[in-house]
1. Sticking with the crude label model, points 7 Å out along Cα→Cβ, report the distance from residue 111 to residue 163 in nm, one decimal please.
2. Using alpha carbon centroids, what distance separates the range 199-223 and the range 35-94, in Å?
3. Does the range 164-278 come out rounded, prolate or oblate, given a ≥ b ≥ c as the square roots of the eigenvalues of its C-alpha gyration tensor, rounded meaning a/c under 1.5 and, failing that, prolate meaning a/b above b/c?
4. Nearest 500 deg cm²/dmol is fine: what mean residue ellipticity at 222 nm does the chain get from its DSSP H runs of n ≥ 4 alone, each adding -39,500 (n - 2.57), divided by its residue count?
5. Note the full-extension length gain between residue 193 and residue 228 as 0.36 nm times their separation in residues minus their Cα-Cα distance, in nm to one decimal.
6. Place a point 7 Å from the Cα of residue 99 along the Cα-to-Cβ direction; which residues of the range 122-147 have their backbone N under 18 Å from it?
7. Which whole-number percent is the relative contact order of the range 204-264 (Cα, under 8 Å, 6+ apart)?
8. In degrees, nearest 10, range 0 to 90: what is the angle between the Cα axis of helix 263-272 and the longest Cα principal axis of the chain?
Ligand code: AMP
Ligand code: FE
Ligand code: FE
Ligand code: ZN
């Protein structure tokens, strides 16, 4: 069984529609794929129909934005009830502030590079969770940078004078919320040093104390030393480990199935989650 539990569609910052992504996952030989768009469940229904049509199992998930020690952290939240009022409210609050924040980044960038808010809107669809990748696409369309990666290496990097953070709940509160909604919380790419500061062992232990279920160890942004550290931490703290691609379509080099999760772990997630896994 080939299982990839972390992908993004155009409902957030991936480039493929949810149905296209699921079709590509089936074609790539995956047996199970999770759709984990940033801060939204909007792609779930379309992905579920496509999963049934293509004979692939679908795990409905969300990559929830959070913050720990002043560091932006991502929580993969598998199989939660997306209509849980507090979770739905928090997701809406994050998306709303992402929108306001993107406008502020554009205002700052526009001082030095011709760029309008409409350029960014042209890169999004209705209800899209807006992020820096869409601003990157607008900068590419304007000819300021060749691709998303170049935008993130320069104008849009965290720590750039144009950077503005967005609202995100504290990681411990976010874990409690995901659990209350029946979801299974897994810390995404916890050793991704290229993205900026990472959280300490003590913080991961505190997250485990409130119910964190797993660590995403096999991810291209965790280097070998980090994978070793995280594998040890997971064993110590009683967390399971996952591996996934973090596929973003054409928006990133990550390919579907480049890292995978063991079947036993997938079955554990399925047992713990409130939503059913979609099967053909
Ligand atoms: P934001 O959530 O708006 O702060 O933007 C961060 C998002 O940008 C992450 O979810 C990544 O998927 C994406 N990202 C980060 N670095 C890169 C990069 N070098 N190329 C493309 N996308 C990136
Ligand atoms: Fe992303
Ligand atoms: Fe992430
Ligand atoms: Zn992701």
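1. 1.7 nm
2. If we compute the Cα centre of each part, the gap is 19 Å.
3. It is rounded, given that a/c, with a ≥ b ≥ c, falls under 1.5.
4. Only helices count here, giving -12000 deg cm²/dmol.
5. Between residue 193 and residue 228, full extension yields an extra 11.2 nm.
6. Residues 122-135 fall inside that zone.
7. This gives 33 percent for the range 204-264.
8. 90 degrees
Just so you know, all these numbers are worked out from the coordinates, no wet-lab data involved. Keep in mind that this is a model prediction, so the values were computed, not measured. No Cβ is skipped: glycine too gets one built from the backbone with ideal geometry, and neighbour counts run over all protein chains shown.
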